[in-house]
Amino acid sequence: MKATGGGAVLAAMTGYAGRVTRQTQGGSVEGPIKIGVLGPADSPVGQSIFNSVTLAADEINGEGGIGGAQVQVVTKDTKQDPSTGRAAYQELTTGENVDLTAGIFTSEVLLTILPLMAQQQTIHLTSGAATPEAPQQVAASYDQFKYFFRVGPVNSHYLGVNMVDFAKAEFGDMGFSSVAVMAEDFKWTEPISAALQGDLEDTGVDVPYNERIAGDTQDFTPIYDEIQSQDVDAVYTVLAHIGTSSLVQWAKQQRPFQYGGIHVPAQYPNFWELTTGATAYVFAQNTATPQVGPTDQSVPYANAYNDQFGGYPIYTGYSAYDSVYIYKNAVEQAGSKNADDLVEPLEGTSYTGVSGTVEFYGRDSDYPHDVKYGSDLAFPLWYQWQPAGDGGTPAVFYPDSLADGQYEPAPWTQ
Amino acid sequence: MVNLVNIAVNWLLLSALYALVAIGFTLIFGVGGVLNLAHGANITIGAYTAYLLTTSLGASVWVGALGALVVPGLFSLALYQGLVSKVEEHPITVMILTLVTALVVEQVFVVGVGTTPRTVSSLLRGSVTIAGTSVRTNRLLVFVLSWVLIGALFAYITRTRQGKAILATSMSEKGAAIVGIDDGRIFTLTWLIAGMLAGIAGLFLASFTSAQPFIGRSPLLLSFSIVVLGGIGSIRGSVIGAYLVGLLDVVTVSMISTRLSGLLPLVVLVVVLIVRPEGLFGRELVE
């Protein structure tokens, strides 16, 4: 099924009416409203951001726009490079004169752009980048940085907290009494490592190996030899850039321990095909799977996305999609697209979208304007890649309320 | 604590692969006197050729291996004939041209296939136990094939007329010309061999890690350390250099810190350039 029209057609075709009921025609806003979207164009994480904002904008335009104003989307490639991202942001805010910027994905790019947001006085709703430094800057200098909000995912401190929560709830059932922690040595993993330090052991699990791995590691054999010599039940990962290489070597070498954790490549919906099945029995944290999501709108969104773009979105898409609706609600509430008028309505946001229920931490918290973490707010789910038919599927097993499968240890470890 | 047998096995297996990459790099420098910064591109092309042949076309992994040998060889040949041969008297121009070529090749794969790493099938499955340590047969095969190729190259260079002509050209272009050796043909042959060796190394590397557009970068950097350590232009030095750098790499990761992987070879590069710029072996014979 291929969606060809705007939101109404799409909603009719997919039974996807969640958005439409939330429509509030809040007076008239001078249009058009331009949304500038930033992300790495060559990467699926960037494509998910671009496509999801486009999808949301099409739906909104099909329903009359934001406060009567039509939405236009302009995308710019950051190439995951701070200086390219900075130039792209400047083009969007000065050349294109956009009303909102969204996306980004790369923490280093976000932190480079942050000072410009204060200058340009343009609302930014970020997706993908998980660094807690951005909201910490809002805390340090609110008036300057108040235009920044993070829609998702939860910041990397809470990603670490979630790893501990997951360990507490599931490790016993998974048969893990001893795990090795392996984090790639990039900035984004530092708060996660800090959150795991001590707290993971407090859950009753033994952690004899806790190492940060060089970001250009190619050969994991010596690392796995060391982990294996510690006789652990599993390796608990915090990996993105070197995730696939690490996973493939674990699978091909059939190491006698389980494998999983935060593993960005294993979040790709087509990761089974990309690794020709090497991802079998890997467990991973994510916002949603194409089949299971945190709210009843998640799966219809994934299907609508698949219909329009021929493939399912990655986690960055969920929050990028929600960010457009969150912005819409704020503009319609304020009756204005002026950035200063929007800060307060955005701070009061409580929006149940496709990535969960999005609320932002308050001005006096540790992470102002950051999406709140909690089991009834933004809360990652955990699944395991399992063989199914000729391919594989992600089977969700945590939290229990979303489970559609059970964890199974890799057969060669038995 | 990891035992020494593990470290020794990892060292032997990894270094054979490093040697395979470094030899082609040093061969081109030794014979042509130019640095081929597109050497890593051959690795990338080899890895992706095998990936595309085995997944998109459903070919067997051995056909993939043949492709990983032939396609980068032809690419290297075309690079030499089409670009480098026109400017080979100007080593700086060659460096710039080959660097640009390397970046273009990366970008072609970024745009064409994407940045997501792809899994390449192993040549062999299963594992064997050596001195109480389990070793994947694929890695063992990579080790054996690397040495077969290195051995074949040595035999070719030292035993055949054409090989001796390569060696003669590397010793003295003038002398080689006087005895009637067509240096243009020799350079072409060298680029072809270097491309093939790097291409098959690309498949080997991708078969135990994964294929991604930047897979050629670290081996190229390692090659610098290896050939500088062994003596630029010396094939024997490159093999020994590969084993020394491999040892440093494995010992660093196993015994010092997993955060320092890849760093020590670069330190070695700087130290050798300052303390002993001719490397351990220097050029076997120079003009």
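Structure notes:
- Within the option set A:Ala130, A:Ala194, A:Ala167, being buried (at least 17 other Cβ atoms within 10 Å of the Cβ), in a helix (DSSP H, G or I) and in contact with a helix residue (DSSP H, G or I) (Cβ under 9 Å, 6 or more places away or on another chain) holds for one residue only, A:Ala167.
- Annotation note: of B:Leu205, B:Leu221, B:Leu167, the sole residue that is surrounded by fewer than 20 Cβ atoms within 10 Å (Cβ to Cβ) and within 14 Å of another protein chain (Cβ to nearest Cβ) is B:Leu221.
- In the range A:166-186, the residues that are within 14 Å of A:Ile223 (Cβ to Cβ) reach residues that are part of a strand (DSSP E or B) and acidic (Asp, Glu) with C-beta atoms within less than 7 angstrom, at least six apart or across chains, in these pairs: A:Met182/A:Glu211.
- Every residue from the range A:114-136 that is without any contact (Cβ under 8 Å) to a residue 60 or more places away in the chain and more than 21 Å from the chain's Cα centre (by Cα): A:Pro115, A:Leu116, A:Met117, A:Ala118, A:Gln119, A:Gln120
- Residue pairs meeting the criteria (Cβ under 7 Å; at least 6 apart or on separate chains; first more than 9 Å from chain B (Cβ to nearest Cβ) and of a type in the set (S, T, N, Q), in the range A:241-254; second part of a loop (DSSP other than H, G, I, E, B) and surrounded by fewer than 24 Cβ atoms within 10 Å (Cβ to Cβ)): none
- Cross-chain or 6+ apart pairs with Cβ under 6 Å, the range B:2-25 first and at positive phi and more than 10 Å from every other protein chain (Cβ to nearest Cβ), then among the polar types (S, T, N, Q) and in a helix (DSSP H, G or I): none
- Residue list for the range A:316-335, filter: in contact with a Phe, Trp or Tyr (Cβ under 9 Å, 6 or more places away or on another chain) and under 17 Å from A:Ala378 (Cα atoms): A:Thr316, A:Gly317, A:Tyr318, A:Ala320, A:Tyr321, A:Asp322, A:Ser323, A:Tyr325, A:Ile326
- Any chance A:Ser336 is closer than 25 Å to A:Gln120 by Cβ, assigned to a loop (DSSP other than H, G, I, E, B), out of contact with any strand residue (DSSP E or B) (no Cβ under 6 Å at 6 or more places or on another chain) and not β-branched (Val, Ile, Thr): yes
- Selection from the range B:219-248 of residues that are free of Cβ contacts under 8 Å to residues at least 60 places away in the same chain and not hydrophobic (A, V, I, L, M, F, W, C): B:Ser225, B:Gly231, B:Arg236
- Qualifying residue in the range A:178-186 (condition: away from chain B (no Cβ under 14 Å) and touching a Pro at 6+ places or on another chain (Cβ under 8 Å)): yes
- A single entry from A:Ala288, A:Ala304 fulfils the requirement of being within 21 Å of the chain's Cα centre (by Cα), in a helix (DSSP H, G or I) and buried (at least 24 other Cβ atoms within 10 Å of the Cβ): A:Ala304.
- Note on the range B:114-157: residues that are outside any helix (DSSP H, G or I) and at the interface with another protein chain (Cβ under 10 Å from one of its Cβ atoms) amount to 16.
- Contact annotation: residue pairs with Cβ atoms under 7 Å, 6 or more positions apart or on different chains, pairing a residue in the range B:132-156 that is within 17 Å of B:Ala8 (Cα to Cα) with a partner that is in a strand (DSSP E or B), are B:Ser134/B:Ser127; B:Val135/B:Ser127; B:Val135/B:Val128; B:Arg136/B:Ser127; B:Thr137/B:Ser127; B:Thr137/B:Val128; B:Leu140/B:Val128.
Computed from the coordinates by the stated procedures, all read-outs in this text should not be read as laboratory data. Bear in mind that the values here come from a model prediction, so they are computed numbers and not experimental data. All Cβ positions, even for glycine, are placed from backbone atoms using ideal geometry, and neighbour counts span all protein chains on display.
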